[in-house]
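Asker: If you scroll down you'll find the structure; I have some questions about it.
The values are calculated or read from the model by the stated rules, or taken from the named source; none is laboratory data. A quick note: this is a predicted structure, and the numbers were derived from the prediction, not measured. Cβ atoms come from the backbone with ideal geometry, glycine included; neighbour counts cover every protein chain shown.
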């Protein structure tokens, strides 16, 4: 099915593809560790749910190798075209892409060893239904590996940044107005057993970093690009957006500045 790319809260433009790539590079060490602990290995069949432009799909394809397969589920044709191009460039023929909506479409996979989902359940209108569908893609004993926001409100700075706090709060409100839940991690410990999972691990992930730490670039890249999107969509004015960006740029020049990142919940669960 085709999708109106503008339905994406954060867009599917080139700048967003690049931002998602940077975000994946920041998170990659933790992601690889979670996949390893979940048992994803050579020969595994893995579902990448809400694959975006495929940064994780490509890593998974290299891990599972020629005897494994990655099913990338994504509703943006533009993102899937990017993933297909990268997979072809790298000679990866073990990636199957599926253009679908996780909420309204059937998922054409069964018997998988694992599924991976990151910052997707927070955006969908019916996360319970999506979890139930994803559970059905797994074999008994298959695993779910999930990274979702637990407490978006931890995102803060020292010294305090009033414009950043305004930006964070506006994004949170806009997120919920679009039908998502920015702190979906709070609900997952109840949702997962309902969907037929036994939770094996729950880990909160939050960092406190200076501007020189690579982790800083993950939230900062969002704060430097998304205000422009809010201006273009008429949700905020130019002066507000410029103020947010200027505050970030000033913080990056302050060697004593510290950022507390949004808290993420890591879940590893097994289908019973």
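Asker: Of the conditions (1) in contact with a helix residue (DSSP H, G or I) (Cβ under 7 Å, 6 or more places away or on another chain); (2) more than 30 Å from residue 38 (Cβ to Cβ); (3) surrounded by fewer than 17 Cβ atoms within 10 Å (Cβ to Cβ); (4) in contact (Cβ under 8 Å) with a residue 12 or more places away in the chain, residue 231 satisfies every one except a single condition; which number is it?
Answerer: Among (1) in contact with a helix residue (DSSP H, G or I) (Cβ under 7 Å, 6 or more places away or on another chain); (2) more than 30 Å from residue 38 (Cβ to Cβ); (3) surrounded by fewer than 17 Cβ atoms within 10 Å (Cβ to Cβ); (4) in contact (Cβ under 8 Å) with a residue 12 or more places away in the chain, residue 231 violates only (4).
Asker: Within region 204-237, can you find the residues that are over 13 Å from residue 167 (Cα atoms) and more than 21 Å from the chain's Cα centre (by Cα)?
Answerer: Within region 204-237, the subset over 13 Å from residue 167 (Cα atoms) is 204-218, 221, 232-234.
Those that are over 13 Å from residue 167 (Cα atoms) and more than 21 Å from the chain's Cα centre (by Cα): 210, 211, 212, 232, 233, 234.
Asker: Residue check: is residue 173 surrounded by fewer than 20 Cβ atoms within 10 Å (Cβ to Cβ), at pLDDT 95 or above and under 20 Å from the mean Cα position of the chain (by Cα)?
Answerer: Working: surrounded by fewer than 20 Cβ atoms within 10 Å (Cβ to Cβ): yes; at pLDDT 95 or above: yes; under 20 Å from the mean Cα position of the chain (by Cα): yes.
Yes; evaluated as a whole, the condition is true for this residue.
Asker: Let me ask something else about it. Quick check on this structure: which one of 167, 157, 123 is farther than 20 Å from residue 37 by Cβ, in a strand (DSSP E or B) and touching a residue at least 12 places away in the same chain (Cβ under 8 Å)? Spell out how you get there, then give the answer.
Answerer: Values: 167 fails: in a strand (DSSP E or B); 123 fails: in a strand (DSSP E or B).
When all the criteria are applied, what remains is 157.
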